[in-house]
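Let me begin by handing over the structure; questions about it come next.
Readers should treat all values here as calculations from the given coordinates under stated rules, not as data from a laboratory. Note that the structure is predicted; figures quoted are calculated from it, not measured. Reconstructed Cβ throughout: ideal geometry from the backbone, glycine too, with neighbour counts over all protein chains shown.
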Amino acid sequence: MENTVKFGVIGCGLMGKEFASASLRWLHLQGDIPRPEIIAACNRSDANLDWFRRDPDTKYFYHDYRELLANPEVEAVYCAVPHDQHARIYGDCIRAGKHLLGEKPFGIDLAAYREIMAAMAEHPEVFVRCSSEFVYYPAAQQMAKWYAAGEFGRIIEAKFTIKHSSDMDLQKPVNWKRTLSTCGDYGCMGDLGIHTQHLPFRLGFRPKTVSAVLANLVPERPDGRGGMVPCETYDNALLLCGAENTAGDRFPMTMEMKRMAPGCTNTVEYEIYGMKRSARFTTDDPNALYDTRNTGREQAWSRVVVGSKPLFPVITGPIFEFGFSDAMLQMFAAFVSELKGLPCGFGCFTPEEAGRSHALLTAALDSYENRRVVTL
């Protein structure tokens, strides 16, 4: 019999469907990692639920997530719902004894995050992680390996960016991410911030101060019914942090989160500059990693072709290109591996790291609103 972990999905939109697709590509992985078997799906929309009827594993369909949690066959839950629902639904998942992979930002604000952590404290037997997939690109993993090996030397500067341009379409109707009550005060920092934080936090880069510039560039958007409504949340955010690593290096660290970045689709960029070595990666060139070594007066950037050599080996040959769907597969493999106590060289974003994220984003709001540098 196939070794599986029986999952329920709460929130069957884009990311829920990505998870379903990844679960059915599990043969792509070479290792013997239990497969997530999605036996239950929950969504308010019948159209989204109908999509899951195409999944041969899915046999339970719900409109009320509490009915899914009451199903004794469900062992774990992947939850992708608007931010205002995180504290309630994540907490209920944990209290129901279901292992949880929850979407960003792991609570609409710091208070909501603390509610989730309180539920975890009551149920330490439940395994909980937060979704973040871009760090699983092979080039990003290579940067982490170089850093662990001391290849960079003293850190000069670091930059971590995610930017896309979907909101450049000014006729795009408003949605929950543009509404304070559902998205929260963080705005774009809430659903994009952890993409800029997973790698640096895991490497031990700690923001000590933050100065933030936030922008709500489009104050109104169509409501989809012929009218216009307020667009209340921040579209773009630039955080300049004074950071420190475990070696005691102090350096500037920039985190950039943009929904309005002309010419970008969903571009993620990681840059680390050191006295011995520097490296940069962009999803615009996913097969490569750029690096330079300090050998004296002159330095030259090299483009190193990394190929498809992910953390968890796959059947795809290394000469081929890695992409977003592959990163999702790697993230879910990491979650299941950690859940089952299997080897995992780079785990999913932890609840403790989510706490650092909330502290940083709360300080960023304070910085921008009060025009000051905030100490964390």
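In debye, nearest 20: dipole of the chain around its Cα centre with unit charges on the Cβ of K, R (+) and D, E (-)?
On the way: 41 positive and 46 negative charges, 163 e Å.
I would put it at about 780 debye.
For region 179-237, what Kirkwood radius comes out of the mean inverse Cα-Cα distance, in Å? Intermediate values should be presented prior to the final figure.
Values: mean 1/r = 0.0747 Å⁻¹.
Its Kirkwood hydrodynamic radius stands at 13.4 Å.
Determine which aspartates and glutamates satisfy two conditions relative to Lys163: a Cα distance under 16 Å, and not lying fewer than 8 residues away in the same chain.
Correct list for Lys163: Glu133, Asp191, Asp235, Glu256, Glu269, Glu271, Asp284, Asp285.
If neighbour count is taken as other Cβ atoms inside 10 Å, put Glu151, Glu157 in order from fewest to most.
Numbers: Glu151 17, Glu157 14.
Neighbour counts put them in this order, fewest first: Glu157, Glu151.
Further, regarding this structure: Identify which of the listed values of semi-axes √(5λ) of the Cα gyration tensor in Å was calculated from the structure shown: (i) 32, 27, 20; (ii) 37, 23, 20; (iii) 78, 22, 17.
The value matching this structure is (i).
Turning to a different aspect of this structure: Tell me the net charge near Tyr270. Cut-off is 9 Å between Cβ atoms, Tyr270 excluded, with +1 for each Lys or Arg and -1 for each Asp or Glu. Kindly include the intermediate steps, with their values, before the conclusion.
Working: positive: Lys159, Arg280; negative: Glu269, Glu271.
After counting each charged neighbour, the total is 0.
Seen from all sides and averaged, what is the projected area of the convex hull of the Cα atoms in region 4-130, in nm²? Walk me through the intermediate numbers first.
Numbers: hull surface 29.8 nm².
Hull-based average projected area comes out at 7.5 nm².
Taking the Cβ of Met15 as the centre, find all other residues whose Cβ is under 14 Å away and add up their charges (Lys, Arg: +1; Asp, Glu: -1).
Numbers: positive: Lys17, Lys104, Lys177; negative: Glu18, Glu103, Glu133, Asp191.
Charge balance in the 14 Å sphere: -1.
Given a cut-off of under 8 Å on Cα pairs at least six residues apart, what relative contact order in percent is computed for region 4-130?
Details: 219 pairs, mean separation 30.8, N = 127.
Relative contact order here is 24 percent.
Exceeding 31 Å between C-alpha atoms, which entries from my cross-link table qualify? They are Lys172/Lys340; Lys6/Lys258; Lys159/Lys309; Lys276/Lys309; Lys17/Lys172.
On the way: Lys172/Lys340 43 Å; Lys6/Lys258 36 Å; Lys159/Lys309 24 Å; Lys276/Lys309 25 Å; Lys17/Lys172 22 Å.
Cα-Cα > 31 Å for Lys172/Lys340; Lys6/Lys258; rest within.
If you rank Tyr368, Tyr137, Tyr290 by fewest surrounding Cβ atoms within 10 Å, what's the result?
On the way: Tyr368 20, Tyr137 27, Tyr290 16.
Arranged by neighbour count, lowest to highest, Tyr368, Tyr137, Tyr290 become Tyr290, Tyr368, Tyr137.
Hey, another quick one. For region 5-49 and region 182-201, compute the distance between their C-alpha centroids and round to whole Å.
Centre-to-centre (Cα) distance: 24 Å.
Considering only DSSP beta bridges whose two residues both sit in the chain, what percent are antiparallel, to the nearest 5? Intermediate results must be reported in sequence, preceding the final value.
Numbers: 46 of 73 bridges.
In the chain, DSSP labels about 65 percent of beta bridges as antiparallel.
Shifting gears a bit: Quick one: Thr254, Thr375, fewest Cβ neighbours within 10 Å first, how do they rank?
On the way: Thr254 16, Thr375 10.
Starting with the residue having the fewest Cβ neighbours, the order is Thr375, Thr254.
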